[in-house]
Amino acid sequence: MHDVAARAGVSHQTVSRVLNDFAGIRPETRERVLAAIRELGYRRNMAARALATGRSEVIGVIMPEVPHFGPTSTLYAIEHAAKKAGFKPLITTASWDPESMGQALDFLLGRSVDALVVMAQHPDVLAAVEATTDVPVLSVLTGSPRGTRAVAVDQIAGTRLALDHLYSLGHRRFQHITGIAGLTEAQLRRDTFLAFLDEHGLEHLPILEGDWSADAGYRAGLAVDEGVTALFCANDPMAMGAIHALEERGLRVPADVSVVGFDDVPEAAYAHPGLTTVHQDFTEVGLRAVAMLMDAISGREPAEVSPVEPWLVERQSTGPVRA
């Protein structure tokens with residue numbers, strides 16, 4: 001910084017003010033400093049800055065090892081919101097076993113992050129981070145309806161939107177393709193589906209196990225029971241795979257079987273037929289998460305946050321039950 005100041009003919013305090021975008025610097029002075037920075041190839045020493053300020057201006061993010069649409073979309077939203085707040089994300093991945101989570105936490109905390117966002121799709125992930133008190137920690141994608149340290153889309157409400165839509169079209173024989181067993185959001189969708197059948201006195205047909213992939217949806221679609229008219233899939237790729245399998249079996253969608261997905265991935269609008277699905281606002285999840293962390297970093301206790309509300313997107317894969 002002293003070298004830049006000497007080249008620009010200003011004090012090192014002026015260089016610091018330019019770097020921190022302080023108001024009141026004359027445009028010609030700012031340009032001289034920036035020109036000196038370019039000429040000398042100056043880069044801030046962020047480690048030294050963190051020691052001086054007590055902040056790294058970095059938010060640690062722990063993602064699942066296998067990237068899916070929800071975590072990836074949430075990450076983009078977190079990065080965008082963090083940048084607007086003057087922070088940068090530092091990202092690592094982990095499975096949900098304690099050793100993997102411990103390694104991820106050690107990696108991020110060892111780099112003096114100011115806060116942590118954990119994509120806690122499995123109960124064991126929440127258990128692993130509960131003891132972390134060094135910095136503010138916030139969980140996302142938990143499926144939990146509300147909390148002071150979590151941001152989630154309301155999975156129960158989203159599932160009911162899909163099932164109520166199918167029921168309103170006259171469907172009474174339902175089947176479900178699940179997400180990965182043990183993941184909180186997948187379990188909530190499954191539990192809500194079973195509760196819905198009980199509430200309406202509908203027959204329980206075999207649950208079809210999936211793993212979020214289109215291939216799993218295709219295999220499940222081959223196993224859909226005869227006479228089923230409504231298929232609720234725990235995500236969109238499985239729904240699109242199931243539609244392909246149903247059509248191979250000679251069943252028309254939606255004339256014979258109506259299919260609903262979950263997430264509203266960009267491809268859902270261009271599937272054939274267009275996929276009716278539940279839209280999850282992952283951008284809002286990321287924005288709320290960063291806003292809560294900024295409060296926590298500033299010493300303000302975050303207020304309880306209501307769940308992010310999903311909505312139904314109706315397309316051509318659903319229709320009235322056949323006569």
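Structure above, values below:
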item	result
Radius 11 Å from Cβ of His122, net charge of other residues (Lys, Arg +1; Asp, Glu -1)	-3
Sites His2 and Asp106 - FRET efficiency at Förster radius 45 Å, r taken between beta-carbons, to 0.05	0.80
Size of the chain as Cα extents on the principal axes (Å, biggest first)	85, 41, 31
Estimated inter-spin distance, Asp215 and Thr72, nm [label 7 Å along Cα→Cβ]	1.6
Added length on full extension, which subtracts the Cα-Cα distance from 0.36 nm per residue, Ser168 to Glu130	9.5 nm
Axial C-alpha extent at least 15 Å, average Kyte-Doolittle at least 1.0 - helices from the chain (DSSP)	282-297
q = 0.11 Å⁻¹, region 155-280: log10 I(q)/I(0) [Debye, one scatterer per Cα]	-0.30
Asp225 paired with Ala181, simple spin-label distance in nm, labels 7 Å along Cα-to-beta-carbon	2.0
Antiparallel DSSP beta bridges within the chain, as percent of all bridges there, nearest 5	10
Normalised contact order of the chain, rounded percent, pairs of Cα under 8 Å and 6 or more residues apart	16
Computed FRET value (nearest 0.05) for Ile207 with Lys84, which takes r as the C-beta separation and R₀ as 41 Å	0.45
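Computed from the coordinates by the stated procedures, all read-outs in this text should not be read as laboratory data. All of these numbers come straight from a predicted model, not from anything done at the bench. All Cβ positions, even for glycine, are placed from backbone atoms using ideal geometry, and neighbour counts span all protein chains on display.
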